[in-house]
Amino acid sequence: MIVELDVKRDAIGECRVIAREERALEEGEIEVAVRKFALTANNITYALTGDMIGYWKFFPAEGEWGIVPVWGFGEVVASRCDDVPEGTEIWGFLPMASSVVMRPGPVDRGGFSDEAPHRKDMPLVYNRYTITNDDPAALKALADARCVFFPLFTTSYLIYDYLMDNDWFGAKQVIIGSASSKTGAGLANMLATHAKDSIRVVGLTSPRNKDFVESLGTYDEVCPYGDIAGLDASVPSIYVDMSGDGKVLSELHHHFGDNIKASCGVGATHWEAPRDTGDLPGAKPEFFFAPAQIQKRDNEWGPGAAMRRAQEECARMAKEMEAHLKIEHGTGAEAVKAAYLSMVRGETAPDRGLMLSFG
């Protein structure tokens, strides 16, 4: 039996645990048991943008339901593909389920892509799986961090690279919405580490998370959402929005006016907040799509170069932030469901990283 968590696509606060029969493998397919995976606010963004970007297409469910993708480790438990035998361990994009069927393409550079027909048009970064059996001990020691932090910090790196690549759009500071989010914290770390003399970093956060954000030591200023009017509106600024809160976006744009030089939507930690903002002064808000920046750099630097640089930065940041972020584990379908609902309701503290398994 396959056990999975289904989420209602148009009402992501509703979910169900179901069990269904496994199907027989066809020639060229493998069955991967999902051993463990991370759950973060990023997965809620996947659910919210599931139809717009296509996240529901990776692991289709029936009718009005969808399966939220997660990052984690799996093991091949049945195989009709000679190049990927039973016992192969992988890391990559997986369903919130106990197992999944894949159709591996050619194995190269220590991994393969899932070439199942329904995934052929999806970005390679999500279809690529790394074989981990022979990972060095240092990387194995980062297994949980690799699931919880690396996908988020990779996005942090790519946003930093995008802003730098565009000469900061002529801005002097970056304002990060939902500064307590792991992607926000990663971006602040990248800016503080590599652009401290070029750009100022301001974090917007809730009063309850202000102490945590300040403890990171990477923000030049931490501002509660209610105090936006106190920010210096004369400073040319970039807004990187991890919150998806239309009210905050509107207030910030109207406060800074034409001094908003770029406005990048990334996440939706405030997913229940209104988003319709109408016309706004300053730069037009645009959604940041990480695979597009990867493709640009692959064209300029060579295939895989951007992800290699990102992984180096991820390892560095995971080490630097381990004192601020603790990883917790949960096992069983009901634990997965409870963790998901807690994340949707915004009840998961920013210093917690969740590693889950169906059993």
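The values are calculated or read from the model by the stated rules, or taken from the named source; none is laboratory data. Please read all numbers here as calculations on a predicted model, not as lab measurements. Every residue, glycine as well, gets a Cβ built from its backbone with ideal geometry; the counts of neighbours run over all protein chains shown. Surface areas here come from the heavy atoms of the whole protein model, side chains and all, with no ligands, DNA or RNA. Shrake-Rupley method; radii C 1.70, N 1.55, O 1.52, S 1.80 Å.
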query = Taking θ as phi - 60°, what are the ³J(HN,Hα) couplings along the range 96-111 by the Karplus curve (6.51, -1.76, 1.60), each to the nearest whole Hz, with x for Gly and Pro?
reply = 7, 7, 7, 6, 8, 9, 10, 10, x, x, x, 7, 8, 6, x, x
message = Between helix 305-321 and the chain, what is the angle of the helix's C-alpha long axis to the longest principal axis, kept within 0 to 90° and rounded to the nearest 10?
response = 70
Solvent accessible area, Å² - GLU221, 1.4 Å probe, full protein context = 60
remark   = Using a 1.4 Å probe on heavy atoms of the protein chains only, the accessible area for ARG128 in Å², nearest 10, reads 50
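Quote the relative contact order of the chain in percent (integer), defining contacts as alpha-carbon pairs under 8 Å separated by 6+ residues.
18
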request  = Compare the Cα positions of GLY54, PHE153, TRP91 along the charge dipole of the chain (+1 at Cβ of Lys, Arg; -1 at Cβ of Asp, Glu; about the Cα centre) and return the one farthest towards the positive end.
outcome  = PHE153
key: Computed label-point distance, nm, for sites GLU221 and GLU14 using a 7 Å Cα→Cβ extension   = 4.4
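Counting heavy atoms of the protein chains only and a 1.4 Å probe, report the per residue accessible area for the chain as a whole number of Å².
Numbers: 15490 Å² over 359 residues.
With all protein chains present, the chain gives 43 Å² per residue.
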ask   = Name the GluC sites (Glu not before Pro) in the range 55-101 that are in a loop by DSSP and that have at most 15 other C-beta atoms within 10 Å, would you?
value = GLU62, GLU64, GLU86
note = For the pair GLU328 and LEU25, the simple spin-label estimate (label points 7 Å beyond Cα toward Cβ) gives in nm 3.7
note = Between the modelled labels at ALA229 and ARG208 (7 Å from Cα along Cα→Cβ) the distance in nm is 2.5
request  = Would you grab the residues whose amide H sits under 5 Å from the one on VAL70? Only those 5+ places off in sequence or on another chain, please, with H modelled 1.01 Å from N.
outcome  = LEU94, MET96
key: Distance from the range 107-142 to the range 299-323 (C-alpha centre basis), Å   = 16
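Could you work out how much longer the chain between ALA141 and ARG352 gets when fully extended? Use 0.36 nm per residue separation minus the Cα distance between them, nm to one decimal.
On the way: separation 211, 0.36 × 211 = 75.96 nm, distance 1.86 nm.
Gain in length upon complete extension: 74.1 nm.
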message = For a protection proxy built on the mean count of beta-carbon atoms within 10 angstrom, sort 228-237, 15-24 highest first, please.
response = 228-237, 15-24
task = Taking the chain as the reference, fit the longest principal axis to its C-alpha atoms, fit the long axis of helix 333-344 to the helix C-alpha atoms, and give the angle between the two in degrees, 0 to 90, nearest 10.
result = 20
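Measure up LYS36/LYS326; LYS36/LYS247; LYS182/LYS247; LYS182/LYS337; LYS261/LYS296 against 28 Å on the Cα-Cα distance and list the ones that go over. The partial results should precede the final answer.
On the way: LYS36/LYS326 17 Å; LYS36/LYS247 36 Å; LYS182/LYS247 22 Å; LYS182/LYS337 21 Å; LYS261/LYS296 22 Å.
Over 28 Å apart, Cα to Cα: LYS36/LYS247.
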query = Is the range 227-353 best put as rounded, prolate or oblate by its Cα gyration tensor, with a ≥ b ≥ c the root eigenvalues, rounded for a/c under 1.5, and otherwise prolate when a/b is larger than b/c, oblate when not?
reply = oblate
inquiry  = Going Cα to Cα from LYS196, which aspartates and glutamates come in below 18 Å? Please leave out same-chain ones fewer than 8 positions away.
reply    = ASP161, ASP165, ASP167, GLU214, ASP220, GLU221, GLU313, GLU320
query = So what J values fall out for the range 127-137 if you push phi through Karplus, 6.51 cos²θ - 1.76 cosθ + 1.60 with θ = phi - 60°, rounded to Hz, Gly and Pro as x?
reply = 8, 8, 10, 9, 7, 10, 3, 9, 4, x, 4
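Rounded, prolate or oblate: which fits the range 1-158 when a ≥ b ≥ c are the square roots of the eigenvalues of the alpha-carbon gyration tensor, with rounded for a/c under 1.5 and prolate only if a/b beats b/c? Provide the component values of the computation, followed by the final result.
Numbers: a/c = 1.59, a/b = 1.16, b/c = 1.38.
Because a/c hits 1.5 or more and a/b fails to exceed b/c, the range 1-158 counts as oblate.
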request  = Grab the DSSP H runs of the chain that are 4 residues or longer, score each as -39,500 (n - 2.57), total them, divide by all residues and round the 222 nm result to the nearest 500 deg cm²/dmol.
outcome  = -9000 deg cm²/dmol
note = Under 17 Å by backbone N from the virtual spin label 7 Å along Cα-to-Cβ at GLU64, the residues of the range 1-42 are 6-18
